[in-house]
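*Asks:* After the structure tokens below, expect a handful of questions from me.
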Amino acid sequence: MANQHNSLLATFCLAALLAIYASAPRASQEDPMHTAKAFIAALSQHDADTALLLLSDKATLEMPFPLAAGENTYGTKRMWGDPLRDYVKGIMQRNSEIAFNNTVWRRADDGTVILECDGDLVRSRDGKRYQNKYVVLFEVSAGKITLWREYFNPVVAARAFGIPLESLPY
């Protein structure tokens, strides 16, 4: 009788542990934080295929501080579709090294993922280092990035890329 009681108790404990495990929150493939971190890791590893798989077919990249007047009528550089896919591939072609340091990740109540970091890239054509501070917002739906909004210091970027400061559109 004791063995039967112990077996029943062990079965009950195992069932309770499985129920607790099943209901415990954990990162999944559809977790916005997981998706955003995987995207940044893919950029850092020059893995264009993975980066592009993490973008929704309707993903939009917005850069609220464009480097050239007239990039669009809203004063924000926006791209989606083939131009966005070409841009992602171009990041990897234009830079031999891509790193995001001093990363701080946050998740807003609505699921928006926010990344603050120091970008550290080495340009392929001349080996010069480009460093800038970034704040990046990601909106994610069904495990895919739908919005990638990237804030950076346009003065630092203009100097790094030889763009005259007087040509900045603000």
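The values are calculated or read from the model by the stated rules, or taken from the named source; none is laboratory data. Treat the numbers as computed from the prediction; the structure is a model and nothing was measured. Glycine also receives a Cβ, built like all others from the backbone with ideal geometry; neighbour counts cover every protein chain displayed. To get the accessible areas, we keep the full protein, side chains included, count just its heavy atoms, and leave off ligands, DNA and RNA. Shrake-Rupley method; radii C 1.70, N 1.55, O 1.52, S 1.80 Å.
*Asks:* Looking at segment 143-170 only, could you name the residues that are closer than 16 Å to residue 87 by Cβ and part of a loop (DSSP other than H, G, I, E, B)?
*Replies:* 161
*Asks:* Based on this model, can you work out whether residue 140 counts as open to solvent by less than 60 Å² (accessible area, probe 1.4 Å), in contact with a strand residue (DSSP E or B) (Cβ under 6 Å, 6 or more places away or on another chain) and either among the β-branched types (Val, Ile, Thr) or under 20 Å from residue 46 (Cα atoms) (or both)?
*Replies:* So residue 140 does not fit the description; no.
*Asks:* Something else now. Could you tell me whether segment 122-130 includes any residue that is of a type in the set (A, V, I, L, M, F, W, C), surrounded by 14 or more Cβ atoms within 10 Å (Cβ to Cβ) and within 18 Å of residue 62 (Cα to Cα)?
*Replies:* no
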